[in-house]
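What follows is one structure encoded as C-alpha cells, with my remarks underneath.
Read-outs: derived from the displayed coordinates by stated rules, not from any lab. Being a predicted model, the structure only gives us computed values, none of them experimental. A quick note on method: Cβ atoms are made from the backbone with ideal geometry, for glycine too, and the neighbour counts reach across all protein chains shown.
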Amino acid sequence: MIQEETKKATYTIPVGPIHPALKEPIRLALTVDGEEIVDVDIFAGQVHRGIEWLGMNRNNPIQTMYLAERICGICNICHPFAYALAVEQAAGITPPPRADYIRTIAAEMERIHSHLLWAGVAAHEIGFDTIFYLAWRVREEIMDLIEYVTGNRVTKAIFQIGGVRRDITEEQFPRIRQSLDYYKSLFDQLKKVFLDDKTIQMRTRNVGILKTEDALKLLTCGPSGRASGVPKDVRQDQPYAAYADLNIKAMTPDMVTGTVVGDVYDRIIVRLLEVKQSIEIIEQCLEEMPPGPILAQPKTAVLLKALTQAEGEGVGRAEAPRGEVIHYVRLEAGQSTLATWKVRAPTYVNLMSVPTILKGMQIADVPIAFASLDPCMSCTNRMVITDRVLGKKSIMSYAEMRHLSLKKTEKLRR
Amino acid sequence: MELQTPEKIIDSFKTALGDGVINAKIYEREVAVKKNKFRSLWVEVKKSAFRDAVEHICHLQEYPHLAIISSSDLGAEVELIYHFTIYYGHHLEELSLGLRVKVPKSDLKIPTITDLIHGAVFTEREIQEMMGVEVVGIPDKRRLFLPEDFPEGVYPWRKDEKGPPDDMLRVLPGREQK
C-alpha cells in the first residue's frame, strides 16, 4: 500500500506516552502524481502531553479546571466551559443564571478573536499579507476587550466549577458596547474585502470541497461542517448556559450565496457571519443579564470536599470556534482525582476530512485548504511528498510550500 | 424525519433489542433563566446486542454524530461509552445519547462500527492503543497518537498491571517518585 511506501521516510517525534488532545504539530503524508494529490495520510500525536492522564492521576478536580484551560491557547474558554458543565452534571451543582450569561459573553468574545485570527492566517496562506495585517490589527480591539473583562489577554482563567471568577458590572457595559460598535462599523468593509476580492475568490472558490454527505459521514463539526451545509451548532442544538435563552441559528453559506458548495470560500462566509452573530449574542446577553451571585460555592475547600465525595458522571458539550468540544467526566466517591476524563476537541474529527478535502488538488492549494479547517495546530511543519512516477521521496518544508502557494496567486493575477 | 421524545426512544430500544438493554435512563436539568431543559439519554446494552444498538441509532437518525468513545477501567472489565448525538440541526432538540457497553478483560474485544459510521475510525484506533481493547474488523490497525517506539502491551489508560510502569513516568525536578 501507499502508506507503507511513505512510512519509512516520515519523521516521528516521540513525545509523552499518555493522552492526545491533538493540538499543534501534525504530519500529513501526501502522495502526489506530478502536482496532483492522490492520497493523504495523517500522523498525529507529536504534541501528546498526557493531559487526561494528569487529570486522572495527579490533579484534583479543581486543579484540573486550570489544566483544561491549557489544552489549547485559543480555545481556553471552551475547554473549561465543557469541563465545568461535565463536572457540574456529575456532582449535581447548578451554576447561578448570571454566571451562565457571563460564561456566554466570554465564549463569544473568544469566537470573535479566534475567527479574526483565522481570517488573517487564511489571507497569509494565499500570500495576501495586506489583509493579514488588516485582520490582525482589527483583532487587537477584541483582545483589549477580553483583557478588560477577564483581566487577562490570553489565558482568561474566568471559569470555576459552579460559576465564574469575575463579574461584569454595569459600569463596564459602555466600554464593551464601544468595542462591539467598532466591529459593527467594520463588518461591511470586512465582508467586501473577503468576499468580493477577485484574488481571494480565485484562490478559494471550488478549492478544498467537502460535500454535505462526506461531512456527515466523517462527522465534521463546527464552521467546517456548517460550510458544507450541516446545520450543526451546539449553541443552537442543545440548551447550555445563556444560549438556552437565546434564539440561535446555525450559520450556513447559503444565507449569503443561496447555495452550498462546501469549499474554502464557503468556510470564509460562515466565519464572517459568525463574527456578526457573536456580536449580537453579546449585546443580547448584556441586555438580559439577570442579577444575582456568580458562583454556586465560593469556598474552594468546601467545593473540593463535595467533589471528592461526589459519585456520578457527566458530559459537557460546548461550541468552540472550531466546533463541538466534549468532555466526559466520571467521579468516584473517595477518589481525589477524576476517575475518568475524556476530552475531544473539534479538530479530532475535522482531521478525518483532510484526505477528502486534499485529494485531486494541487500542492499549492494545500496550505489554504488545510488552514480553512482552522485546525488547532501551530502549523503543518513538514510534509512528506512522494512522487508516484519518480518514486522519489522528499520532505518539503512549510516555507517551500507556502512559496508555491504565493507563486500560484501571482500567476492567477496576471 | 420525525423527532421522538426521550421516553419513546428508550421504548424503541427495548422493542428493537429485547433483553439486550440492561438499563436506560434520562438525565434532565434546567438551564439559565428560561429554564429550558437539557436532556441526555444513557443506554446500557449487553455486549452481544452492541452492534444492533448502533444500527438502531442509525435508524433513529440517518447520520448520527459519534463524538467520542470514552473508556474506564473498572477492574475486571472495561466500560466503553459511545457518545452519540442525534437530532442536531433542530433548535434545542438535540439529544446526547451515551451508549454504554461493558467488556470483560478476559475477552477484551468489541466489533468495529466503521461500516456504519465512517468517522469512528480515529476514536476506535485510540481505544485500541490507549485501553488495549481490540476492535475486531477495524480498517486501519495502526496507532493514532502513540509513537512507534512505545512498548507493546502497555496501555496508558489502564489502572492495572498493563498501565504505564513507574519507570516510564518522568519525575519533575524537585519532586520525588511516588
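For segment B:91-151, compute the orientation-averaged projected area of the C-alpha convex hull (one quarter of its surface), in nm². Dividing the Cα hull surface by four gives the mean projection, 5.8 nm².
Per the helix-only calculation at 222 nm, which mean residue ellipticity applies to the protein assembly as shown, given -39500 (n - 2.57) for every DSSP H run of n ≥ 4 and division by its residues, nearest 500 deg cm²/dmol?
Working: 21 runs with 234 residues, N = 592.
After summing the helix terms and dividing by the residues of the protein assembly as shown, the value is -12000 deg cm²/dmol.
Classify segment A:234-359 as rounded, prolate or oblate from the Cα gyration tensor: take a ≥ b ≥ c as the square roots of its eigenvalues, call it rounded if a/c is under 1.5, otherwise prolate when a/b beats b/c and oblate if not. Cα axes put segment A:234-359 in the oblate bin. Partners of A:LYS408 within straight-line reach, counting lysines whose Cα lies under 20 Å from its Cα and excluding those fewer than 8 residues away in the same chain: A:LYS198, A:LYS359.
Peptide B:57-64 has a mean of 1 when you count, residue by residue, the C-beta atoms of other protein chains within 10 Å of its C-beta.
Taking all Cα pairs closer than 8 Å and separated by 6 or more residues, the relative contact order of chain A comes to 27 percent.
Quick one: net charge of B:TYR88's neighbours, Cβ under 10 Å, K/R +1, D/E -1? Could you put the intermediate results ahead of the total?
On the way: positive: A:LYS232; negative: A:ASP233, A:ASP237, A:GLU324, B:GLU93, B:GLU94.
Net of charged neighbours comes to -4.
First check a/c for the protein assembly as shown, with a ≥ b ≥ c the square roots of the eigenvalues of its C-alpha gyration tensor; if it is under 1.5, answer rounded, and if not, answer prolate when a/b is larger than b/c or oblate otherwise. Present the calculation step by step, with values, prior to reporting the outcome.
Details: a/c = 1.43, a/b = 1.08, b/c = 1.32.
Here the protein assembly as shown falls in the rounded category.
Ordered by the number of other Cβ atoms lying within 10 Å of each residue's own Cβ, fewest first, A:HIS115, A:HIS327, A:HIS124, B:HIS59 fall into the sequence B:HIS59, A:HIS124, A:HIS115, A:HIS327.
Restriction of the GluC sites (Glu not before Pro) in segment B:38-76 to DSSP coil positions whose beta-carbon has at most 10 other beta-carbons within 10 angstrom yields B:GLU62. Give, as ranges by residue number, the residues of segment A:201-243 whose backbone N falls under 11 Å from the point 7 Å along Cα→Cβ of A:THR94. Zone members listed by number: none at all.
Among the GluC sites (Glu not before Pro) in segment B:85-178, those located in a DSSP loop and surrounded by at most 14 other Cβ atoms within 10 Å of their own Cβ are B:GLU148, B:GLU152, B:GLU161, B:GLU176. Straight-line reach from B:LYS37: taking Cα to Cα under 25 Å and skipping same-chain neighbours fewer than 8 places apart, the lysines in range are A:LYS232, A:LYS249, A:LYS342, B:LYS8, B:LYS14, B:LYS25. Would you work out if segment B:6-158 is rounded, prolate or oblate? Take a ≥ b ≥ c from the square roots of the eigenvalues of the alpha-carbon gyration tensor; rounded if a/c is under 1.5, else prolate when a/b is larger than b/c, oblate otherwise. The shape class here is prolate.
Considering only alpha-carbon pairs that sit under 8 angstrom and 6 or more positions apart, the relative contact order computed for chain B is 15 percent.
Within a straight-line Cα-Cα reach of under 13 Å, B:LYS105 can be paired with the following aspartates and glutamates, leaving aside sequence neighbours fewer than 8 residues apart in one chain: B:ASP73, B:GLU77, B:GLU79, B:GLU134, B:ASP160, B:GLU161.
What net charge do the residues around A:ILE161 carry, taking every other residue with its C-beta under 13 Å from that of A:ILE161, with Lys and Arg at +1 and Asp and Glu at -1? If you can, show how the numbers build up before the last one.
Working: positive: A:ARG103, A:ARG165, A:LYS299, A:LYS305; negative: A:GLU69, A:GLU88.
Around A:ILE161, the surrounding residues sum to +2.
Mind checking segment A:267-331 for trypsin sites (Lys or Arg not before Pro) that DSSP puts in a loop (not H, G, I, E or B) and that have at most 12 other Cβ atoms within 10 Å? Provide the component values of the computation, followed by the final result.
Values: sites: A:ARG267, A:ARG271, A:LYS276, A:LYS299, A:LYS305, A:ARG317, A:ARG322, A:ARG330; in loops: A:LYS299, A:ARG322.
In loop regions of segment A:267-331 (DSSP not H, G, I, E or B), the sparsely surrounded trypsin sites (Lys or Arg not before Pro) are A:LYS299.
The charge dipole of segment A:94-296, taken about its Cα centre with unit charges on the Cβ of Lys, Arg, Asp and Glu (plus for the first two, minus for the last two), comes to roughly 420 debye.
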